[in-house]
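Bear in mind these aren't lab numbers, they're just calculated from the coordinates by the rules spelled out. Keep in mind that this is a model prediction, so the values were computed, not measured.
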Amino acid sequence: MSPHPTILASWDACLGHTAEWLATPSLGQVRQMTAGTLLYAQGMPHRCFYLIREGYVQCAMLHGSGRRLLLELMGPGTMFGEGAAFDGLPRYVDAQAVTDVVVSAYAPEDIVGAGERATALMADIIRIMASKQRVLASKLLAFNSEDPEERLRHLLHKLVSVQRRASPDTARARQVWLSQENLGEMCGMSRISAARALRRLAELGLVRTHPRFVEVLDPAGLAVG
């Protein structure tokens, strides 16, 4: 079975449409932020949208029940926050740096001031927003049809696949720096269920768990499950 393509909706949707943005650091403001920095908060208006150049950012939502839900992990090449930046409405999620990050921050008017490139840059944003809608619909469908443990296999495979694109042939690319609780939240599982599933994957020789990260030993094996 091939890995499900929609686990990381924003990351997947953006990778084919941000090359020109990445190649234009003079547009917007490049900012460095330390791990734990809150880029914007749920329920608050925020006028900027962002492009990740280095590092990882997570989006999470506080549910009405009081439970905090991790929705997405985003890495290099992801653009996020553009919808609320343009419509001016309050954010429906938090965005927080998981690692030290380098991002470009943009205000909507930055595109207007981009001169001849403005049309192409705006077209990229439209494509990104359309792609996000499509993969989000597929992601919701997958959550209603797949077994949670299967989603965990797909999530680990997808994370490593994207990381290896950015940093091929490095040991770090096979390391998933998410807690068992966060992995469970992203797959609709409790922390205990995620821990049990990881133990089963470890017994199969597919992963090795460490105190702060999961090491993927056999990405291809995860995809076959």
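Backbone amide hydrogens, once placed in the peptide plane, bring residue 39 within less than 5 Å of 95, 96, 97, excluding anything fewer than 5 places away on its chain. Among 82, 109, 54, the largest mean-square fluctuation in a Gaussian network model of the chain, built with springs joining Cα atoms closer than 10 Å, belongs to 109. For region 38-115, what does the alpha-carbon gyration tensor say about shape, rounded, prolate or oblate, given a ≥ b ≥ c as the root eigenvalues, a/c under 1.5 as rounded, and a/b over b/c as prolate? Oblate is the answer for region 38-115, as a/c is 1.5 or above yet b/c matches or exceeds a/b. At q = 0.12, 0.16 Å⁻¹ the log10 of I(q)/I(0) for the chain amounts to -0.66, -1.15, computed by Debye summation with a single uniform scatterer per C-alpha, solvent ignored. Against the chain, whose longest principal axis is taken from its Cα atoms, helix 118-145 shows a tilt of about 30°. Coupling constants for region 39-55 follow from the phi torsions by the Karplus curve (6.51 cos²θ - 1.76 cosθ + 1.60, θ = phi - 60°), and in residue order they are 7, 7, 10, 4, x, 10, x, 7, 8, 9, 10, 9, 10, 7, 9, 8, x Hz; glycine and proline get x.
Amide H to amide H, with H built 1.01 Å from N, residue 71 comes under 5 Å of 59, 60, 61, counting only residues 5 or more places away or on other chains. For region 4-81, the alpha-carbon coordinates run over 42, 31, 21 Å along the three principal axes, in decreasing order.
Once the Cα atoms are used to define both axes, helix 191-203 deviates from the longest principal axis of the chain by about 60 degrees. Apply the a/c threshold of 1.5 to the C-alpha gyration tensor of region 9-143 and tell me whether it is rounded, prolate or oblate. Prolate, because a/c is 1.5 or more and a/b exceeds b/c. Computed from Cα atoms, the angle from the helix 148-166 axis to the main principal axis of the chain rounds to 50 degrees.
In this structure the amide hydrogen of residue 54, modeled in the peptide plane, comes within under 5 Å of the amide hydrogens of 102, none closer than 5 places in sequence on its chain.
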